[in-house]
Amino acid sequence: MKSEPQNYSIDNLYEDHTQPWDGVRNYQARNFMRDKMQIGDLAFFYHSNTKIPAIVGISKVISEPYPDFTQFDAHSKYFDPKSTKDAPRWMLIDVEFVEKFKRPVTLNELRSNVFLAGMQILQKGNRLSITPVSHEHWEIIMQLASK
DNA sequence: GCCAACGTTGGC
DNA sequence: GCCAACGTTGGC
């Protein structure tokens, strides 16, 4: 799960403990939260659009999907006038802080690791803020993070 | 700040 | 339903 650290960083999640993952306005990313993520699932926390893009830690899914409240808030930048409470367009899940890596695993590092070449986040043109990670890739990245 | 990639919008 | 125009993402 990507987040721009100037908006919301792993340290913010550490302070907050839990956080609704609001503001996702891409249907594919929404579908991952709505249809694929289960309570207890772990996710890498990725800092995007920053000097050194990197995976910086881990969060955990702690809720069923439910409507993203910001879509109904006319003052929010995530307000969606086309969404209704009867048929909410945007769903989210709550995440909980699990750990911050001792060191960030940088995008450079991910790209230079031949065993990670299949990762969706590394594919050309990928812009999705939420992408699946295979068990195999997960283990490799955990190894890198512990070095 | 640039720009490639890609999603969305809306006219037709 | 096509597709040009436009907006956003995000690495560099």
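Read-outs throughout are calculated quantities, based only on the coordinates presented, and are distinct from any laboratory measurement. This structure is a prediction, so every number in the text was calculated from the model and none was measured. Virtual Cβ from ideal backbone geometry, glycine too; neighbours counted across all protein chains shown.
Scanning the stretch A:51-81 for residues that are surrounded by 14 or more Cβ atoms within 10 Å (Cβ to Cβ), in contact (Cβ under 8 Å) with a residue 24 or more places away in the chain and within 15 Å of DNA strand B (Cβ to nearest atom) returns A:Pro53, A:Asp68, A:Tyr78, A:Asp80.
Counting only residues that are surrounded by fewer than 19 Cβ atoms within 10 Å (Cβ to Cβ) and aromatic (Phe, Trp, Tyr), the stretch A:88-147 holds 2 of them. Taking the criterion of being assigned to a loop (DSSP other than H, G, I, E, B) and among the polar types (S, T, N, Q), the residues of the stretch A:90-147 that qualify are A:Asn113, A:Gln123, A:Asn126, A:Ser129, A:Thr131, A:Ser134. The single residue among A:Leu128, A:Leu110, A:Leu122 that is within 16 Å of DNA strand B (Cβ to nearest atom), of a type in the set (A, V, I, L, M) and in contact with a strand residue (DSSP E or B) (Cβ under 9 Å, 6 or more places away or on another chain) turns out to be A:Leu128.
Of everything in the stretch A:8-17, what is over 13 Å from the mean Cα position of the chain (by Cα) and either assigned to a loop (DSSP other than H, G, I, E, B) or of a type outside the set (Phe, Trp, Tyr) (or both)? Give them in sequence order.
Of the residues in the stretch A:8-17, the ones over 13 Å from the mean Cα position of the chain (by Cα) are A:11-12, A:14-17.
Result: A:Asp11, A:Asn12, A:Glu15, A:Asp16, A:His17.
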